[in-house]
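Take this structure first; my questions come after.
The values are calculated or read from the model by the stated rules, or taken from the named source; none is laboratory data. Computed from a predicted structure; not experimentally measured. Glycine also receives a Cβ, built like all others from the backbone with ideal geometry; neighbour counts cover every protein chain displayed. These area figures cover heavy atoms from the full protein model, side chains too; ligands, DNA and RNA do not enter into them. Shrake-Rupley method; radii C 1.70, N 1.55, O 1.52, S 1.80 Å.
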Amino acid sequence: LMILIGSTWMGLYLAKRITRPIQLLASAAKEIGAGHLDHRVVPETQDEFGSLIEAFNSMAGELAASRRRLERSAVELERKHVDVEGRRRYVETILDRIATGVISVDAAGRIRTANSAATRLLGVDASAAGLPAVTAFANPELKPLAEAIDEALRSRADIPARDVSMTRGGRELHLAMMATPLWREDGGSDGIVIVFDDMTH
């Protein structure tokens, strides 16, 4: 009877030494899965289960550190986005107020932006953004400007100030036009920016 009781107690003791660390790890895994990355398991032994618990704690620590890095990156990205958005509004406000016409055309020849001075000088609608330049400037009166833009797109080089003469609404119009290519960091072309002033007077 003593041998039976002793063997039963020994079996329960050994089973507890095996099942308790596993239960602790399972409970900790649920905590980690719920987002509590600071949860840790205290190792009770120095055997293989203790090593497993230490490895689990190390993994949880790395996950917590990774999340903190991601949170810092997200905050930094949001701050940069706010800065970029503020600069974009600042530039758009300036472009909308100046008397110089500014048009940007992408590498495919489509108009990306046109400020109010450009639409006023050329008599084109603000909805021209997104249209091919050849379509937006299909009016025969704007043909000289369309040809200058086409030349700038083909040459992909700075075009110094030149006089572009055209007739609009029965009135001769002289524009001092310059074109500057837009280059990406990888050396590819992002299109051109055309700047022109009314020099008719």
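Can you give me the number of residues within the range 156-201 that are surrounded by 12 or more Cβ atoms within 10 Å (Cβ to Cβ), free of Cβ contacts under 8 Å to residues at least 60 places away in the same chain and at positive phi?
The total comes to 1.
Sticking with this one: Specify the residue that is nearest to THR19 (Cα to Cα); the eligible residues are those in the range 40-62 that are in contact with a Lys or Arg (Cβ under 9 Å, 6 or more places away or on another chain) and free of Cβ contacts under 8 Å to residues at least 24 places away in the same chain.
Once the filter is applied, the top-ranked residue is ASP47.
If you scan the range 18-50, which residues turn out to be closer than 19 Å to SER66 by Cα and either part of a helix (DSSP H, G or I) or open to solvent by 40 Å² or more (accessible area, probe 1.4 Å) (or both)?
Those that are closer than 19 Å to SER66 by Cα and either part of a helix (DSSP H, G or I) or open to solvent by 40 Å² or more (accessible area, probe 1.4 Å) (or both): ALA28, ALA29, LYS30, GLU31, ILE32, GLY33, ALA34, HIS36, ASP38, HIS39, ARG40.
Moving on. Step by step: first the residues of the range 157-173, then only those that are assigned to a strand (DSSP E or B) and among the charged types (D, E, K, R), then the one that is farthest from LEU121 (Cα to Cα). Which residue is that?
First pass over the range 157-173, keeping only residues assigned to a strand (DSSP E or B): 159-168, 171-173.
Retained after the next criterion (residues that are among the charged types (D, E, K, R)): 162-163, 168, 171-172.
On the way: ARG162: 17, ASP163: 15, ARG168: 9, ARG171: 12, GLU172: 12 Å.
Taking the candidates together, the pick is ARG162.
Same structure, new question: Would a scan of the range 142-150 turn up a residue that is surrounded by 14 or more Cβ atoms within 10 Å (Cβ to Cβ) and either touching a Pro at 6+ places or on another chain (Cβ under 7 Å) or among the polar types (S, T, N, Q) (or both)?
No, the range 142-150 contains no residue that is surrounded by 14 or more Cβ atoms within 10 Å (Cβ to Cβ) and either touching a Pro at 6+ places or on another chain (Cβ under 7 Å) or among the polar types (S, T, N, Q) (or both).
In the set ALA117, ALA65, ALA74, which member is under 30 Å from ALA161 (Cα atoms) and either loosely packed, with under 14 Cβ neighbours inside 10 Å or without any contact (Cβ under 8 Å) to a residue 24 or more places away in the chain (or both)?
After applying the criteria, what remains is ALA117.
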